[in-house]
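One structure is given here, and the rest of the page talks about it.
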Amino acid sequence: MFTDALSALLVIDVQNAIDAPVWGRRGQRSMEDNIARLLTVWRRNGRPIFHIRHDSTESDSPYRPGQPGHDFKAQVMPHEGEAVVAKRTNSAFIATNLESQLRYSGIRQLVVTGVLLENSVDATVRMAGNLGFEVLLPAETTASIDRIDHNGRAWRAEDVHALTLSILDGEYASVVSFEALLA
């Protein structure tokens, strides 16, 4: 499952913007603390970390540069020397140098964390799988929000999260336990 030397940790869009009221209710409230624990282990073992920052081009987005929401959340703030990759779309691979950085470093396995599972994490995981990377997705290090579908049905963040994990597991990623990954 886990290959030490060729694995990188991706932390996607864990910025203050995720707490903006526009998103509504978020589930998985322990996500930041779980990512922080994973970062501690990753740093202690000298493994590569890539912080993905969303630089929205939408004028009213809390993720837009210059807004307080654009900053990384305190628990997952990048340390000096850790890569920060700015993206403007949902996938961390589109119009960025992420793939070339990973390939140059010989990385073949990605541990993907962040928000929103059903948006940027999903898009990045799918693309990573399609590009031939082995992807591990620790469920407890991602988060979703409440959604309303096109039929007007309300879906709780916990259900959106569970369904998205189920869809990604197998073809694009291996959904793993956060605790097992830490061990």
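The values are calculated or read from the model by the stated rules, or taken from the named source; none is laboratory data. In this text, all values refer to a predicted model and were calculated from it rather than measured experimentally. All Cβ positions, glycine included, derive from the backbone under ideal geometry; neighbour counts span all protein chains shown.
Computed quantities for the displayed model
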{"read-out": "Condition broken by S56, with the remaining ones in (1) touching a Lys or Arg at 6+ places or on another chain (Cβ under 6 Å); (2) at pLDDT below 95 satisfied", "value": "(2)"}
{"read-out": "Among the residues listed as E99, E158, E82, the single one being in contact with a strand residue (DSSP E or B) (Cβ under 8 Å, 6 or more places away or on another chain) and charged (D, E, K, R)", "value": "E82"}
{"read-out": "Output for region 163-180, where each listed residue is touching an Asp or Glu at 6+ places or on another chain (Cβ under 7 Å) and in contact (Cβ under 8 Å) with a residue 60 or more places away in the chain", "value": "F178"}
{"read-out": "Residue match in region 23-45 (condition: surrounded by 13 or more Cβ atoms within 10 Å (Cβ to Cβ), out of contact with any Cys (no Cβ under 9 Å at 6 or more places or on another chain), without any contact (Cβ under 8 Å) to a residue 40 or more places away in the chain and among the hydroxyl-bearing types (S, T, Y))", "value": "no"}
{"read-out": "Candidates T89, T96, T124, filtered to the one that is modelled with pLDDT of 95 or more, β-branched (V, I, T) and either under 18 Å from M31 (Cα atoms) or buried (at least 22 other Cβ atoms within 10 Å of the Cβ) (or both)", "value": "T124"}
{"read-out": "Total residues in region 58-86, condition surrounded by fewer than 13 Cβ atoms within 10 Å (Cβ to Cβ) and among the aromatic types (F, W, Y)", "value": "0"}
